[in-house]
Amino acid sequence: MTQEAKRFKDFRKTIGLTQDQLADALGIKQDLISRYERGVYTIPLDIVKQLYFKYKLNYTWFFHGFGKQQVDEVAKATITTDLKEVLLENNILKEKLRVLEDRFERLDASIEKRLSNLERLKP
């Protein structure tokens, strides 16, 4: 059993739900909950996100074992702000990548043109 599987089961018990109840809340089948808890299947990030939004699962605790199982409202607000900043940074990085790709394409075309000119100059 993985540490995430163990923490998944511990969290379910902390919030006082059976496997069936948690499965209903997450819109999945009970046998998936069982497999997650036994470590048969890796717990998908979208399931972890649902647990965060519905039951205030603390990501740090879930993935690393540090802190409380659930975040309080202040921490939740901080996490939300942090996530927004990460998304903004991601969008900025995507734009920078697009600019670099454009520059690379222009550079590649310039090199191809120069190579073609050199080929024509050969005797």
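In whole angstrom, and with the biggest value first, how far do the Cα coordinates of region 3-70 range along each principal axis?
For region 3-70, the Cα extents along the three principal axes come out at 29, 23, 20 Å.
Taking every eigenvalue of the Cα gyration tensor of region 72-123, multiplying by 5 and rooting it, what semi-axes result, largest first, whole Å?
So the three semi-axes of region 72-123 are 50, 5, 4 Å.
Note the full-extension length gain between Arg98 and Thr78 as 0.36 nm times their separation in residues minus their Cα-Cα distance, in nm to one decimal.
Contour length minus Cα-Cα distance gives 4.2 nm.
Taking 30 Å as R0, compute the FRET efficiency from the Cβ-Cβ separation of Gln21 and Lys49 and round it to 0.05.
0.95
Can you give the log10 of the normalised intensity I(q)/I(0) at q = 0.10 Å⁻¹, computed with Debye over equal Cα scatterers of the chain?
-0.50
Let me know the charge dipole size of the chain about its Cα centre in debye, to the nearest 20, where only the beta-carbon of Lys, Arg (+1) and Asp, Glu (-1) is charged.
200
Just to confirm the number: angle between the C-alpha axis of helix 45-55 and the first principal axis of the chain, 0 to 90 degrees, nearest 10?
Here the helix axis deviates by roughly 50 degrees.
Any read-out appearing in this document is the output of simple, stated calculations on the displayed coordinates, not a laboratory observation. What you see is a predicted model, and the numbers here were worked out from it, not measured in a lab. As a convention, Cβ positions derive from the backbone with ideal geometry for all residues, glycine included, and neighbour counts pool all protein chains shown.
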